[in-house]
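Notes follow the structure.
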Amino acid sequence: MHDLLTLPKAELHLHIEGTLEPELVFALARRNRLTVPFADVEALRTAYRFDDLVSFLDLYYACMDVLRTEEDFADLVTDYARRAAAQGVRHVEMFFDPQAHTSRGIPLDVVMAGLTEGIRRASALHDLSAGLIACFLRDRPVEEAHSTLDALAGHVDSLLGIGLDSAEVGYPPSLFTEVYRDARQMGLRLVAHAGEEGPPSYVWEAIDELGVDRVDHGVRVMEDSALVQRLQSDRMPLTLCPLSNVRLRVLPDLSFHPMQAMLSAGLVVTVNSDDPAYFGGYAGDNFVALAEDLPLGQDDFVLMARNSFDASFIDDDRRRELM
Ligand code: ES4
Ligand code: ZN
């Protein structure tokens, strides 16, 4: 087995709903007496091919309709945890999309109870710690983000922080400045997707207006040298997702990935899987794919794995255990 596959690492950019493998879609559909608009697992897996972020999101939101009960969310986490632990993931900060569930009638309490029960089971079964980051859907009304944050206030002890995801272009971070200000006052950590399909100006807004602790993606930051300078001097972590960028056609193939230039510029880069069920690989697979397609050395991968622990919101006791 490739040692990069099992190198101990933290995963900081992982949408738990994006770990829904076709087999689990069908199993949960059967359990909840729902029909899936695909003939079988193979037909659904074949549909996991995308032209861009929005074409992926259409299928991502459709598939998660099978998630109905607390047990479904707990099973989603325990399935992911088994795969992640086998690829060296020792700590994970998982995103979830509250509005994608509440908007189809699943109460936030059900989602939270299921995810936290899944985390409890996962940490009992594996050497894996986990936390939750609630993301706002940036392509829905800002008002809804405010009311979602109000609802999350009742669960603040179960959350590490908040994030911002879904369709990026046309929905700049600055729309959410007040939501982020309120979340900061609740003691939550702040992250946001920026610079995936959107321009470097969205990354500037995420750091200057939202005050994020990490930038999710940021694969486009190399287009703006002043931004690179700023990220470097702030030691601002970036959570890159190489296989995602290829599957969503942000890059023609992995040989175009700017990882080497980012490392040379002294950026705090990490390697993550984003939506591993949809993008062809878990955290370790992303390390291996980079090693196959870019002239990076073992030292680079060890640094990126260390960055992942440094950039995490892990508590001090667990950090001492892992580092
Ligand atoms: C996502 Cl790859 C990506 N980008 C933005 N939002 C998302 N939600 C789930 N995966
Ligand atoms: Zn993402």
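Quick check on this structure: which one of Ala62, Ala84 is of a type outside the set (Asp, Glu) and either within 16 Å of ligand 1 (Cβ to nearest atom) or part of a loop (DSSP other than H, G, I, E, B) (or both)?
One residue alone meets the criteria, Ala62.
Any residue at all in segment 184-191 that is assigned to a strand (DSSP E or B) and more than 14 Å from ligand 2 (Cβ to nearest atom)?
yes
As an exercise: evaluate Leu263 against (1) closer than 22 Å to Gly161 by Cα; (2) aliphatic (A, V, I, L, M); (3) in contact with an Asp or Glu (Cβ under 8 Å, 6 or more places away or on another chain) and give the number of the one condition it does not meet.
(1)
With β-branched (Val, Ile, Thr) and farther than 22 Å from Ser244 by Cβ as the only criterion, which of Thr78, Thr19, Thr6, Thr46 stands out?
Answer to the selection: Thr78.
Look at Leu240 and say whether it is within 14 Å of ligand 2 (Cβ to nearest atom), within 20 Å of Arg306 (Cα to Cα) and not aromatic (Phe, Trp, Tyr).
yes
Restricting to segment 168-189, what's the tally of residues that are of a type in the set (S, T, N, Q) and more than 13 Å from Val212 (Cβ to Cβ)?
1
Are there any pairs with C-beta distances below 6 angstrom linking a residue in segment 42-56 that is under 17 Å from Glu23 (Cα atoms) to a residue that is within 16 Å of ligand 2 (Cβ to nearest atom) and in a helix (DSSP H, G or I), with the two at least 6 apart or on different chains, and if so which?
Tyr48/Tyr278
Could you list, ordered by first residue, the pairs with Cβ atoms under 7 Å in which the first is in segment 193-207 and of a type in the set (D, E, K, R) and the second is within 16 Å of ligand 2 (Cβ to nearest atom) and assigned to a strand (DSSP E or B), at least 6 apart or interchain?
Glu196/His217
Could you list all residues from segment 194-243 that are farther than 17 Å from Ala261 by Cβ, over 14 Å from the mean Cα position of the chain (by Cα) and assigned to a loop (DSSP other than H, G, I, E, B)?
Glu197, Gly198, Pro199, Gly211, Val212, Asp213, Arg235
Look at Ala277 and say whether it is in a helix (DSSP H, G or I) and crowded, with 20+ Cβ neighbours inside 10 Å.
It is true that Ala277 is in a helix (DSSP H, G or I) and crowded, with 20+ Cβ neighbours inside 10 Å.
Which ones in segment 232-269 are touching a Lys or Arg at 6+ places or on another chain (Cβ under 9 Å), more than 22 Å from Thr46 (Cα to Cα) and within 15 Å of ligand 1 (Cβ to nearest atom)?
Leu238, Thr239
Is one or more of the residues making up segment 14-30 under 22 Å from Glu144 (Cβ atoms), within 16 Å of ligand 1 (Cβ to nearest atom), out of contact with any Cys (no Cβ under 9 Å at 6 or more places or on another chain) and touching a residue at least 12 places away in the same chain (Cβ under 8 Å)?
Yes, because at least one residue in segment 14-30 is under 22 Å from Glu144 (Cβ atoms), within 16 Å of ligand 1 (Cβ to nearest atom), out of contact with any Cys (no Cβ under 9 Å at 6 or more places or on another chain) and touching a residue at least 12 places away in the same chain (Cβ under 8 Å).
For Arg104, are the conditions met, namely being among the basic types (Lys, Arg), touching a Leu at 6+ places or on another chain (Cβ under 8 Å), closer than 30 Å to Gly195 by Cα and modelled with pLDDT of 95 or more?
no
The values are calculated or read from the model by the stated rules, or taken from the named source; none is laboratory data. Computed from a predicted model, the values in this text were never measured in an experiment. Glycine gets a Cβ as well: all are built from the backbone with ideal geometry, and neighbour counts include every protein chain shown.
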